[in-house]
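One structure is given here, and the rest of the page talks about it.
Taken together, the values in this text are just the output of simple stated rules run on the coordinates, not laboratory data. This one's a predicted model, so the numbers in the text were calculated from it and none came from an experiment. So basically every Cβ, Gly included, is an ideal-geometry build from the backbone, and we count neighbours across all protein chains shown.
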Amino acid sequence: MARKSERKRDITQAAAFVAPMLLVLLTFTLFPIFYSLYLSFHKVNLVGNVSYQFVGLKNFINAITDERVMIALRNTLKYVAIVVPVQTVLALVLATVLNSGIRFQKTFRSLLFIPTLTSSSALTLIFMFIFSLNGPINSLLMKLNLLAAPINFLNDQNSVMGAIIVMNIWSTVPMFMTIYLSGLQDIDMAMYEAADIDGANMFQKWFKITVPQIAPVTNYVVMMGLISTFQLFDQPYIVSGGSGGPNNATLTLSLIIYQYAFRQFGTMGYASAIALLLTLVVFLISMVFRHFSSENVTGEGR
Amino acid sequence: MKWNHKWSTLMLAAGAMLALGLAGCSSKGASDGGGSTGSKTLTVGFWKGDSPKESEARDTLFKNFTKDTGIKIKQKVYNDYNTQLMTDLVGGTAPDVFYVDSSLLPSLQTKGVLESLSSYMKKDKYDASDFYAPTYKAFTGDDGKQYGLPKDYSTMGLYYNADLLKKAGYTANDIPKTDTEFLAFLKKLKTKLPGVTPMTISPLLARQMFIMQSTGAKIITKSGKANLSDPKVVSALQPLIDADAKDKTVRTFKELGFGSAMDAFGSQKTVFSDEGAWQVSGLKTNFKDLNWGTTEFPTINGQKANMIFTVGWSMNAASKQKDDAWRFIKFVTSKKQSQQYSTTASVLPSRKSVAKAMGLTDNKEMAPFVAAANYATPWIAGVNLDTIQSRYENIIPSAFQGKVTLADALKQATDSANKDIAKQDE
Amino acid sequence: MLNRNKKIARVIAYVLLSIYAVITIYPFLWAFLASFKPYSDIVQSGSPLFSGHMSLDNYRYIFTQDPMFPHWIYNSLFIATVGTALNILFNSMGGYALARLHFPGRRTLFMVVLVCIMVPTQILLIPNYLIMKAFGILDTYNAMILPSAINFAYIFMMRQFFITFPRELEESAQLDGLGRLGIFFRIVVPMAKSSIATQGIFVFLGFWNDFMRPLLYITTESKYTLTLGLQSFQTQHGTQWNYIMAAAMITILPIIFLYILLNKYFMTGMRIGGEK
């Protein structure tokens, strides 16, 4: 009897905690998601004479067989595969160094944090100059004799994605570094002291203590990295003027979704279908990641 | 605990601010609704344009209208026209009157978004013969009805750097008048001016369409599909591609490492630039020391050719104040207001009489642009132009760089565009 | 021996951080210097940015050209502040519930939260627009604040944080007769300071730098946010780089100021977290 009322109390309390979240979630996210789910099975015209025509799985079949979608998927996967590991490792290394008890820690941390303060569109505009034919990157590489002639990074189908990758790692590392830093400061110093007594060197300490202890934060960083990289939109949009060029080199899935949703009439259903496929891909990949990472999905095992 | 207290206070403050915000908004909303008892308000959608002068001219236009009719104007500025207009149209929140770029007219018209102005024009005996024909026809639908009236236009001109020409031993009079001579002239300039690229262009369909159609084929088929891979289109564009990929006498501004053609030209890195009339004000504000002039394009295959870009005022078919909307369109396209607007904003008026009154045909800088208005190709090509344009601009930089052949590039763009077009139609 | 190794490690650390700091600062320094330059100097690539004519012309232009400028700063500040406060409250509560409380459907709710992070925003813009139109909140601050009053990524972050949170403190508080809400606000929240500060800064930045949503949801110029207002320096046929650079500096500066102001809390929050 007491158990039952306790349970009831638990639920009431939980309701108070999740109610605000649930309200916003239902209205502004779940409803739109179900709406686009509905759209993805239809051929829709939302402008002028509004019409919905059920087409079954056709949008999805079209998407899987669409050459442009496949190119975009390939570009996106390549981007994710490079950016996520690099930014995660770099962020952890920088955070470790910052946390190693050096002087000017605060100054360095503030300096390194600055890119996070700026919008990605403003940053992209600045970077377009930095990467330009006569820009500083080309002149540096030429001074170091790494390049014979300057590369037109953003206009060349072979280098443009590389430039965007560098741009993005540069701008996201500080954020993850900060998250790592707050995590690192929660690690019990006694563990390091014990290792010191055992005569461990700093690499051993890093691999044996820091990396495993920080694993929950790494889970978060990798998950967020995966999700945000899969949604890459701003840089390709600005660099290519929305076309995904040159020669599809900057075509990403989010850019294709935008093109079908906003730049063409009557393809909203198709855009929704591609968006749902993208969501599915991200979901599956992050589930696989979580499966292999240390923590189980809901944390109920604890 | 102290800290906790601070946070709770902050949360409370935030809650209060939000409540205030809500109250403020709703009371404002109510007063907006109530305000309509006294005077009428018309919503007008536009984008800001190229110079602050344009905003000034537009503000005067709106003020004059309110003074004349008592109808207030609610402004809606489009910062990203395509994205915002699409959202507006889906949401049913589009303004009563808004700018329509001629290239969008066919798709907007076939969607039934625009109100036909024909009956209003007939009723008021509106005289349209004063407009330059290409600008007026740009807003005539495929059903013969009129869906907008041109506000102004721009054509392209050949900008030349007088100092660089002089350095090479030429004057503006030496610029050849035909395409083959002109391309040969560029080669001469290249040898005479080391370190300077003879000409810069923009790799955009809007700038190349008239060249592509110069051998008689259209870039779209009769049913509106992409026809970029037509052998005639390919051969018409080939000389320009070769001039870049092979001769390096023409380079896109991106290949030169600049953000726009104006920047390359203004930085004295090129002798010529083919740009719209909008570059005039840009060069004057940003490159004050540059010694430049304009002239008409050389003929292509013996024909005078150019592009004309025009923007018009159109009425929303879902507007609840159609009579007021028409009054507005009639007012702002009238001779008097058109002259005020064009003079203040330094844009090219779509009315011939206004161009004459402004003395544009005698204006050395502007005359080449005005002359082109009579024969230029309007920037319109069916309902799928945005898709075709996007595919062209995706692949064409690689063709200019010589990484793919032009024929292959245009075939790829055509196939890709037509697949998408089929997706919309099926 | 140990000491020498430590010294070498320290030198390497400084060198590494300094190099990375230079890489980080360079683009900003470039943009900062460019904001004092006339247009022609900026685009004539190769021209040395560290010399030549510098003036405040660009800043003067921005402030005189648009009398709305102070409005935009106020709007951005208001939206970001209120939005951040709501996010901190709701995300922390949601994250705590998902980590600690027992209720039916918890697992499902967590999955839903995860999926919501993953849906590409481009597809939600138009449905959201229709919803806000139905509620009549288009072109108000609420259109910017309400749909973003929670953030799934930070709900997820807070949940990750609370999962590793020691239970003993809560249990002893429970024995003292505190209810769940009391435990949350009196015990849990103060202990989560560092996570909340981190979350707060990122949420604030999200609001401050958001571009797509104000573009679609706000139409009256006096209600523009700073990002949207700055977009107007990008004209139909080109970008006025000199004004954009000056404007970018103006968007960044308040944020840097705020960051320096909050840095103290940020730091103490994290240090306390480390001492526990």
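For the reader, a short list of remarks on this structure follows.
- Compactness of segment C:66-232 as Cα Rg over 2.2 N^0.38 Å, two decimals: 1.19
- Fully extending the segment from A:Ala215 to A:Ala149, taken as 0.36 nm per residue of separation minus the present Cα-Cα distance, adds 19.4 nm.
- Gaussian network model of chain B, springs between alpha carbon atoms under 10 Å - residue of B:Pro95, B:Pro349, B:Pro176 with greatest fluctuation: B:Pro176
- Nearest-0.05 FRET efficiency for B:Asn374 and B:Asp163, computed from C-beta distance (R0 41 Å): 0.85
- Panel note: the C-alpha atoms of the protein assembly as shown, placed on their principal axes, show extents of 92, 74, 54 Å (largest first).
- For segment B:240-368, the Cα gyration tensor yields ellipsoid semi-axes of 35, 18, 16 Å (square root of five times each eigenvalue, largest first, whole Å).
- Globularity index of segment A:79-214, i.e. its alpha-carbon radius of gyration over 2.2 N^0.38 Å: 1.31
- In summary, the aspartates and glutamates within cross-link reach of C:Lys133, defined as a Cα separation below 15 angstrom excluding same-chain residues under 8 places away, comprise B:Asp88.
- Segment A:19-79 - convex hull of alpha carbons, volume per residue in Å³: 140
- Based on alpha carbons, the Rg and Dmax found for segment B:322-374 are 12.5, 42 Å.
- FRET efficiency, B:Asp242 to A:Ala19 (Cβ-Cβ, R0 41 Å, nearest 0.05): 0.05
- Pairs of alpha carbons in chain A whose separation is greater than 37 Å (percent): 33
- With the cut-off at under 16 Å, measuring from each backbone N in segment B:88-104 to a point 7 Å along the Cα-to-Cβ line of B:Lys40 picks out B:96-98.
- Among the listed pairs B:Lys187/B:Lys269; B:Lys137/B:Lys352; B:Lys67/B:Lys352, those beyond 22 Å (Cα-Cα): B:Lys67/B:Lys352
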